[in-house]
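Novice: Can you keep this structure in mind? I'll have questions shortly.
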Amino acid sequence: MTTFRISEAAALLGVSADTVRRWVDSGRLPATRDGHGHRRVAGADLAAFVRAQARREEPGSRFSSARNRMRGIVTDVVRDTVMAQVELQAGPFRLVSLMSREAADELGLQVGVVAEAVVKSTTVVVELPEHG
C-alpha cells in the first residue's frame, strides 16, 4: 500500500505541511505512525479525503458538466486585436488559456486577479513520475 509522509501529502494537495498536520490532529484525515514515529497517510485515505473535499458545495457554485476546477491568480495577460493569452498559477500548476480578447476584456482579466480555470477535455494524459 502506498503511504505518504505529511510533507508529501501536503505537496500533492498544494497546501502546507502544517495544514495537513491540523487535518490529521483534528481527525479529518487518518494517519498512522511508522517505526520512527513519523506520521504517514495511506494513499487510499488521502484520495478519499480529496474526493470528499471536492464534493463540498462552494458558495456561488454553478451547474456545469466540467469537473476540473482550479482557483488561482492571473500571472500574465497578453492581448492582441483578436485573441488573448492568459496565464494562471493555481497552487503548483501553471495553466495557459487562449481566448478571445473580448472575453478577456469582459472578465476584466489582468495580472493579480483571482480566477478559476475550468477544464473539460476529452483527452487527459496521466503519467507516473520517474523513480530514482
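The values are calculated or read from the model by the stated rules, or taken from the named source; none is laboratory data. This structure is a prediction, so every number in the text was calculated from the model and none was measured. With ideal geometry, Cβ positions are generated from the backbone for all residues, glycine too; neighbour counts draw on all protein chains shown.
Novice: Considering only residues of region 53-78 that are at pLDDT 85 or above and not basic (K, R), which is nearest to K120 (Cα to Cα)?
Specialist: Among those that are at pLDDT 85 or above and not basic (K, R), it is M70.
Novice: Further, regarding this structure: Look through region 87-109, keep the residues that are more than 26 Å from A11 (Cβ to Cβ) and within 21 Å of the chain's Cα centre (by Cα), and return whichever of them is surrounded by the most Cβ atoms within 10 Å (Cβ to Cβ).
Specialist: Taking region 87-109 and keeping what is more than 26 Å from A11 (Cβ to Cβ), we get 98-109.
Still in the running and within 21 Å of the chain's Cα centre (by Cα): 98, 109.
Working: L98: 10, L109: 18.
So the residue we want is L109.
Novice: Out of all the residues in region 100-132, which are part of a strand (DSSP E or B) and under 13 Å from L88 (Cα atoms)? Talk me through it step by step, then tell me what you get.
Specialist: Step one: of region 100-132, the residues part of a strand (DSSP E or B) are 100, 114-119.
Listed by number, the residues that qualify are V114, A115, E116, A117, V118, V119.
Novice: Output yes when any residue across region 118-130 is among the hydrophobic types (A, V, I, L, M, F, W, C) and surrounded by 11 or more Cβ atoms within 10 Å (Cβ to Cβ), and no when none is. Full working, then the answer.
Specialist: We begin by selecting, within region 118-130, every residue among the hydrophobic types (A, V, I, L, M, F, W, C); these are 118-119, 124-126, 128.
From what's left, surrounded by 11 or more Cβ atoms within 10 Å (Cβ to Cβ): 118-119.
Yes, region 118-130 contains a residue that is among the hydrophobic types (A, V, I, L, M, F, W, C) and surrounded by 11 or more Cβ atoms within 10 Å (Cβ to Cβ).
Novice: Separate question: Determine the pairs where a residue that is touching a residue at least 24 places away in the same chain (Cβ under 8 Å), located within region 98-109, has a partner that is surrounded by 13 or more Cβ atoms within 10 Å (Cβ to Cβ) and not in a helix (DSSP H, G or I) with Cβ atoms under 6 Å apart, the partner being 6 or more residues away or on another chain.
Specialist: Matching pairs, first to second residue: A104/A84; L109/V74; L109/V77; L109/V86.
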